[in-house]
1. Within the chain, count lysine pairs with alpha carbon atoms under 22 angstrom apart where the residues are 8 or more positions apart or belong to different chains.
2. Going by average Cβ neighbours within 10 Å, how do the peptides 173-179, 111-117 rank, with the highest at the top?
3. Does anything in the stretch 72-108 have its amide N under 15 Å from the 7 Å Cα→Cβ label point of D124, and if so which residues?
4. Could you work out which residue, out of A157, A133, A61, moves most in a Gaussian network model of the chain, that is, has the largest mean-square fluctuation with Cα springs under 10 Å?
5. On the first, second and third principal axes, largest extent first, how far apart are the outermost C-alpha atoms of the chain in Å?
6. Quote the relative contact order of the chain in percent (integer), defining contacts as alpha-carbon pairs under 8 Å separated by 6+ residues.
7. Grab the beta carbon distance between Y88 and T11, set R0 = 30 Å, and tell me the FRET efficiency rounded to 0.05.
Amino acid sequence: MHAYYFDNLPTDQRLPHTTDPLQPVSAETLAKLGVLSWHVPISEHGVQNVPEDDPSAHGQAVNAVAKERGYKNRDVINVSREGMGAVYEEKIRGFFEEHMHEDEEIRYILSGSGFFDVRETPTDAWIRIAVAAGDLLVLPAGIYHRFTLDTKDQIRALRLFKDEPKWIPHARSAGTDTNTHRVGYLREIGTGIVPAVGAVGA
Ligand code: KMT
Ligand code: NI
């Protein structure tokens, strides 16, 4: 896992989009935004051959994090043209639309690579997080983010979740800005720019 500021150029989203010079973002900066990451090498616990239909096959280190954080359930997502079939284009487009979820987005990368972009608060800058096999990434509920494959066009990941998965993406909008999970997130990271819910006409 490594992170840096996105260059904001309108070229292929799958390119790295590093600035020149590179502006790295530290794990501490990410942690202040509520973004957590661990590296759990695949080779240490032999999950490299997790079959598509058996997400229960997994390693001890991932299980330890899952247990500690209450992630009881999991499945496997394979983002590639072969893995997704007819819905591939639409999914790829959807993943890259800026959105948030009402629960954490937790991914343990089994193979391949890609980029999660998260919005820094209060700058609103995009931070690009490059992930590859062995990276375990937690995006907090309420953070605005998006995902893209890189030019290798393939990633396979465990999706971990506490109870029922809340995969619904809430696109960024004035309405989503006042979603309780969004407001709760801003309060959590202590930015003091919480929108005034229901203030209109008051
Ligand atoms: C998401 O919700 O954006 C995804 O699941 C992206 C693919 S997981 C590497
Ligand atoms: Ni998401």
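Here, each number is a calculation from the coordinates, and none is a lab measurement. These figures come from a predicted structure and were not determined experimentally. All Cβ positions, glycine included, derive from the backbone under ideal geometry; neighbour counts span all protein chains shown.
1. Count of close lysine pairs: 6.
2. On the way: 173-179: 13.7, 111-117: 20.3.
Taking the mean over residues of other Cβ atoms within 10 Å, the ranking is 111-117, 173-179.
3. Output list for this probe position: 98-99.
4. Its mean-square fluctuation being the largest, the pick is A61.
5. Principal extents (largest minus smallest coordinate, Cα): 57, 39, 37 Å.
6. On the way: 378 pairs, mean separation 53.2, N = 202.
Once normalised by length, the contact order is 26 percent.
7. On the way: r = 21 Å, r/R0 = 0.70.
So the FRET efficiency works out to roughly 0.90.
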